[in-house]
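Step one of this worksheet: look at the structure below.
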Amino acid sequence: MNELTVEATPENIEVITAFVDEQLERYDCPMKAQAQIDIAIDELFGNIVRYAYHPEVGSATVQVEVVNEPLAVVITFIDQGKPYDPLAKEDPNVTLSAEEREVGGLGIYIVKKSMNAITYEYKDGRNILKIRKDF
Amino acid sequence: MNIEKTQNGTEVTLTLSGRLDTVTAPQLEEKIQESLEGTQKLNLDFENLEYLSSAGLRVLLTAHKAMTKSGGQMEIRHVNEVIHEVFEVTGFLDVLNIV
């Protein structure tokens, strides 16, 4: 397992994405899965950047692990900010017209739909969000 | 992300390349804002766009509403498979004009 800890700032979304992509390329992750994982990073690390420590700044750790049977990547996002379970939120209504629509909640919904598993726990003062994507 | 703008009368085409995400979405928002006035048709060409996240959806929805409100239209072209799936699961296929 590899991990990287950075300040939860917008600029570091790119740093985390590059870090994860580097691991994925090593395991010949298909391009489509990689793009979906990159989107998930933007949504999940982006949420930490926006909300976890607001208005302060804190750090976040991202762990990447490739597992077998099935071949998959497991990525864990850890922060010590306010307890926040993104999975507790109701799914957005995706059938509304342009006028009625709000974009809130769509990010986590995209992640739920494109990953094979997503779990959340709050433990020892830390938000721990884990996603799994099968190759 | 890189945005290339071409104008043909009242028709504006923005060609995007790279990634439309939390960090780059404000760039597109700004480019669209400065392109709205006098524009009847706004085309967004996604041929070289790798993917977009919900931050990008937010900008697209705002732009779509602004164009519709002013009697114009917005069209999105050359959407790849990953982006198409994002539009599909979020219901944006039915909201935006994707050709």
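Coordinate-derived values only; no laboratory data. Owing to the predicted nature of the structure, the values given are computational and were not obtained by experimental measurement. Cβ: placed from backbone, ideal geometry, glycine included. Neighbour counts: every protein chain shown.
With respect to the numbered conditions (1) in contact (Cβ under 8 Å) with a residue 60 or more places away in the chain; (2) within 14 Å of chain B (Cβ to nearest Cβ); (3) surrounded by fewer than 21 Cβ atoms within 10 Å (Cβ to Cβ), which one is the sole condition not fulfilled by A:Met31?
Every condition holds for A:Met31 apart from (1).
Go through the range B:62-92 and report how many residues are within 21 Å of A:Ala40 (Cβ to Cβ), surrounded by fewer than 19 Cβ atoms within 10 Å (Cβ to Cβ) and within 10 Å of chain A (Cβ to nearest Cβ).
Residues of the range B:62-92 within 21 Å of A:Ala40 (Cβ to Cβ): B:79-92.
Still in the list and also surrounded by fewer than 19 Cβ atoms within 10 Å (Cβ to Cβ): B:80-81, B:84, B:88-89, B:91.
Of the ones still in play, those that are also within 10 Å of chain A (Cβ to nearest Cβ) are B:80-81, B:88-89, B:91.
Result for the range B:62-92: 5.
Mind counting the residues in the range A:70-114 that are more than 14 Å from every other protein chain (Cβ to nearest Cβ) and out of contact with any Ser or Thr (no Cβ under 7 Å at 6 or more places or on another chain)?
Restricting attention to the range A:70-114, the residues satisfying the condition of being more than 14 Å from every other protein chain (Cβ to nearest Cβ) are A:70-85, A:87-88, A:90.
Filter once more, keeping what is out of contact with any Ser or Thr (no Cβ under 7 Å at 6 or more places or on another chain): A:70-77, A:79-85, A:87-88, A:90.
Counting residues in the range A:70-114 that are more than 14 Å from every other protein chain (Cβ to nearest Cβ) and out of contact with any Ser or Thr (no Cβ under 7 Å at 6 or more places or on another chain) gives 18.
If I ask for residues that are out of contact with any Lys or Arg (no Cβ under 9 Å at 6 or more places or on another chain) and in a helix (DSSP H, G or I), which ones from the range B:66-82 would you list?
B:Ala66, B:Thr68, B:Lys69
If you go through the range B:18-26 one residue at a time, do you hit one that is outside any loop (DSSP other than H, G, I, E, B) and under 16 Å from B:Thr6 (Cα atoms)? Before you say what the answer is, go through the steps one by one.
Here is the first cut: in the range B:18-26, the residues outside any loop (DSSP other than H, G, I, E, B) are B:18-20, B:25-26.
Right, trim to under 16 Å from B:Thr6 (Cα atoms) and you get none.
Checked against the condition, which is being outside any loop (DSSP other than H, G, I, E, B) and under 16 Å from B:Thr6 (Cα atoms), the range B:18-26 yields no hits at all.
Looking for whichever is away from chain A (no Cβ under 13 Å), touching a residue at least 24 places away in the same chain (Cβ under 8 Å) and over 24 Å from B:Asp94 (Cα atoms) here; the options are B:Lys41, B:Lys5. Which one fits? Break it down into steps so the answer makes sense when it comes.
Working: B:Lys41 fails: over 24 Å from B:Asp94 (Cα atoms).
That would be B:Lys5, the only listed residue that is away from chain A (no Cβ under 13 Å), touching a residue at least 24 places away in the same chain (Cβ under 8 Å) and over 24 Å from B:Asp94 (Cα atoms).
So the check is Cβ under 9 Å with 6+ separation or different chains; which pairs have a first residue in the range A:2-28 that's exposed (fewer than 12 other Cβ atoms within 10 Å of the Cβ) and a second one that's part of a helix (DSSP H, G or I)?
Hits for this filter: A:Glu25/A:Gln34.
Are there any strands (runs of 3 or more DSSP E) wholly within the range A:53-135 with 1 or more residues that are surrounded by fewer than 17 Cβ atoms within 10 Å (Cβ to Cβ) and out of contact with any Lys or Arg (no Cβ under 7 Å at 6 or more places or on another chain), and if so which?
The qualifying strands (runs of 3 or more DSSP E) are A:59-67, A:117-123, A:126-134.
When you scan the range B:44-53, do you find a residue that is in a strand (DSSP E or B), at negative phi, away from chain A (no Cβ under 14 Å) and touching a Ser or Thr at 6+ places or on another chain (Cβ under 6 Å), even just one?
As a first pass, look at the range B:44-53 and keep what is in a strand (DSSP E or B): B:44-52.
If we keep only those that are at negative phi too, we end up with B:44-52.
Now restrict to residues that are away from chain A (no Cβ under 14 Å): B:44-45, B:47.
Now narrow it down to the ones that are touching a Ser or Thr at 6+ places or on another chain (Cβ under 6 Å): B:45.
Scanning the range B:44-53 turns up at least one residue that is in a strand (DSSP E or B), at negative phi, away from chain A (no Cβ under 14 Å) and touching a Ser or Thr at 6+ places or on another chain (Cβ under 6 Å).
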